[in-house]
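See structure below.
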Amino acid sequence: MRKIKDKKKKSHVPFRLNMLFFVIFILFTALILRLGVVQIVYGDDYRREIERTEDVTVNNSVPRGKMYDRTGKTVVDNTPVDTITYTRLQGTTTEEMLETAEKLAGIIEKSDSKVTERDKKDFWMLLNPDEAKKKITKQDEKEFEDKKIDDKEIYKRQLSRITEQELQSLTKQQLEVLAIYREMASAKALTPQIIKTKTVKNINGTQKLVEEVTEKEVAMVSENLESLPGIEVSADWNRDYKYGKTLASVIGKVSTSGEGIPLEQLDYYLARDYNRNDRVGKSYIEAQYEDVLQGQKAKVKNVTDKSGNVLESALLSAGKRGNDLVLTIDMDLQRAVEEIIEQELRQKKSYGSTQFLDRAFVVMMDPNTGEVLTMAGKRYARNEDTGKMEFTDFALGNITTSYTMGSVVKGATVLTGYETGVLRPGAGVMDSPIKIGPTIKKSWKNMGWINDLTALKQSSNVYMFHIAMDIGKGNYRYGQPLSIDTKAFDTMRYYFNQFGLGTRTGIDLPNESAGFKGQDKLPGKLLDFSIGQFDTYTPMQLAQYVSTIANGGNRLQPHIVKQIREPSEDAKSLGPVTQEISPVVLNTLDMKSSWIERVQTGFRKVMQEQGGTGKSAFAGAKYDPAGKTGTAEAFYDGPLRKNYKEPPPTMNLSLVGYAPSKNPEVAMAVVVPWAYQGKTGHSMNMDIGRKVMDKYFELKEKRDSTSNKATNEDNIE
């Protein structure tokens, strides 16, 4: 029985194996058939899919943010312009680009002003390959074979052997082709490169048209796009400065499409996802707020094959125009102040001994917030192109140039005397000439016995001299030499810095000057320092200084941007605020409030009491002014300095003020360098100061009246 069972069990094994082999055979057959279908029927399709080897993300530029003044007026805008662009595929050859450039040159006109000698040599070699090859000598080939030189050196030698005559052989038509080709050759793969657009050159705030795409060119290029691979007609933008020269130097400039990113900033911007041909802010507000104004580029992903052909494009993120800036500047006030400066310069230039007078500055700011309301500067100079005398914007000089300012700093001298303990409020001094050795120093008149308030009111030099000598621990004797502790220079500069004098104000603009410190530490120079005739200061520093006194002791950081706003979809309104620039207190004077109030009283006496040095100019002013006048003996160091062996002596005029004196809302600094020569001249500083302060309150009254009228009409409705 056992043997019979074993025999039956063995008989089933071959059958199961056969079934298994059969199933495996069927599966392999199906697999082979499937592979055959894939290989034969769909092979080309799948091969193309496999060759999709690169995803290229391209950033497309967007218009920059706009600028508005504090009242909502548009200061800087963008103007749409027609543009011809070229987009290079990854596999595009030099020959293909050259062919396209030749066709395009027959349709459009392109200036060759940017074509360099190196461009011409490269192009000549491209057009004359056989002749270019002959520029390589047998000696060159031998040195190359011996590995003494490389292919770069070979190419360099070829270029050097191209003659001027050979370059002159390039025709005008060929140079036009070159101008187009050089733009194409600089294009980054799959990134539009501008070939021609409206190009405007800014010269001292005046815009000069250099090149522009015509309607005829747009039409002809559009009709021939099929034969111009990579060429497109699109819309681009240019900066539109609504107020022309007004504030032009402070607003700054944007690079053109041809310039792209300045070479010295290339690495910085490339690391921040910019393209080489992107336009960026080159100076001042445009540069300082580049990150805000530039906006967010549209990102497009292009899927390409190995040949560089675009298979698919997908929008990764939509672009967004740059955010807008609301400036602290009041453009109505700015323009009015600039007109006043020009009028005064014209008038005072007719006076005698004013051959060096060529500029004047005015800064007006809110002493409670640091907002710069006006930053005006004008220079009267000869236009190098026309040879004519004309006014140019020099608002930038308010922060980049510095001068000896004279008696306007005496408020700081008095407060330094209080703080150091060498002066008590109300202390009297005999104002009569002092003599140090053979040198006599005095005030503009003998004032007799005076206190600190009278010293400010009548601008006593002698009173300030005594403060300086006491700080320097000098034992003054008439006609005798004076020795001082030179640390007094550091002490006085330390306290002057607390007001903003002799240190950067921190304004939100680049390249601000801190002024210059006098180097000699002689006793007489310390006395000069006390009356503003040793160190130099900028007009913006004067504005910060007088604001610090006006507001009771807070040194506020001046700023020219008030708000940052998102782009508005409605052209008639501003977008939502993303950032409000808040006041920044840089330091608070560590002085008794009663001391600051006493200097405020002295400043009010300057402009409102009989005998005050500013009374004649501000008589009858209804806005309760306070301030300090200044005249400094200086030396001319302007553009005509090269004509003189020694710097000629001259007089600088200045003025600081604020109003109303009890509750200040506006502070002002006026500076007129090199105003005249000799002891008698004019009062351009006070003439400007009165007019600009009048204009501020005139505009305010007019706007308040309009606002009240609108409110009353709303209430009636």
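The values are calculated or read from the model by the stated rules, or taken from the named source; none is laboratory data. A quick note: this is a predicted structure, and the numbers were derived from the prediction, not measured. FYI the Cβ positions are ideal-geometry reconstructions off the backbone, even for glycines, and counts take in every protein chain you see. Surface accessibility is based on the protein's heavy atoms, side chains included, excluding ligands, DNA and RNA. Shrake-Rupley method; radii C 1.70, N 1.55, O 1.52, S 1.80 Å.
See the values below:
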| read-out | value |
| --- | --- |
| Residue that is over 20 Å from VAL670 (Cα atoms), within 39 Å of the chain's Cα centre (by Cα) and free of Cβ contacts under 8 Å to residues at least 60 places away in the same chain, where the choices are GLN519, GLN480 | GLN519 |
| Residue match in the range 120-127 (condition: of a type outside the set (S, T, N, Q), on the phi < 0 side of the Ramachandran plot and within 35 Å of the chain's Cα centre (by Cα)) | yes |
| Top-ranked residue of the range 425-443 - restricted to ones that are free of Cβ contacts under 8 Å to residues at least 40 places away in the same chain and closer than 30 Å to MET540 by Cα, ranked as farthest from the chain's Cα centre (by Cα) | LYS442 |
| Helices (runs of 4 or more DSSP H) contained entirely in the range 38-132, each with at least 3 residues that are modelled with pLDDT under 90 and open to solvent by 60 Å² or more (accessible area, probe 1.4 Å) | 43-50 |
| Some residue of the range 630-649 being in contact with a helix residue (DSSP H, G or I) (Cβ under 8 Å, 6 or more places away or on another chain), buried (at least 17 other Cβ atoms within 10 Å of the Cβ) and among the small types (Gly, Ala, Ser) | yes |
| Flag for LYS142 being open to solvent by 70 Å² or more (accessible area, probe 1.4 Å), in a loop (DSSP other than H, G, I, E, B) and over 30 Å from LEU325 (Cα atoms) | no |
| Flag if GLY377 is crowded, with 21+ Cβ neighbours inside 10 Å and touching an Asp or Glu at 6+ places or on another chain (Cβ under 8 Å) | yes |
| Single match in THR613, THR629 (criterion: assigned to a strand (DSSP E or B), at negative phi and not aromatic (Phe, Trp, Tyr)) | THR629 |
| Subset tally (residues that are in contact with a strand residue (DSSP E or B) (Cβ under 7 Å, 6 or more places away or on another chain) and either farther than 16 Å from VAL292 by Cβ or outside any loop (DSSP other than H, G, I, E, B) (or both)) for the range 248-272 | 9 |
| Single unsatisfied condition, SER661 versus (1) part of a loop (DSSP other than H, G, I, E, B); (2) open to solvent by 60 Å² or more (accessible area, probe 1.4 Å) | (2) |
| Residues of the range 664-683 classified as open to solvent by 10 Å² or more (accessible area, probe 1.4 Å) and on the phi < 0 side of the Ramachandran plot, total | 9 |
| Subset of the range 557-576 (residues that are exposed (fewer than 13 other Cβ atoms within 10 Å of the Cβ) and either touching a residue at least 12 places away in the same chain (Cβ under 8 Å) or not basic (Lys, Arg) (or both)) | GLU569, ASP570, ALA571, SER573, PRO576 |
| Qualifying residue in the range 422-429 (condition: closer than 30 Å to ASP470 by Cα, at pLDDT 95 or above, surrounded by fewer than 18 Cβ atoms within 10 Å (Cβ to Cβ) and in contact with a strand residue (DSSP E or B) (Cβ under 9 Å, 6 or more places away or on another chain)) | yes |
| Among residues of the range 327-337, those that are in contact with a strand residue (DSSP E or B) (Cβ under 6 Å, 6 or more places away or on another chain) and either assigned to a loop (DSSP other than H, G, I, E, B) or open to solvent by 10 Å² or more (accessible area, probe 1.4 Å) (or both), counted | 2 |
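One line per residue, one yes/no per condition, for (1) of a type in the set (D, E, K, R); (2) surrounded by fewer than 23 Cβ atoms within 10 Å (Cβ to Cβ); (3) not in a loop (DSSP other than H, G, I, E, B):
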residue: TYR463; (1), (2), (3): no, no, yes
residue: HIS466; (1), (2), (3): no, no, yes
residue: ASN475; (1), (2), (3): no, yes, no
residue: LEU501; (1), (2), (3): no, no, no
residue: GLY506; (1), (2), (3): no, yes, no
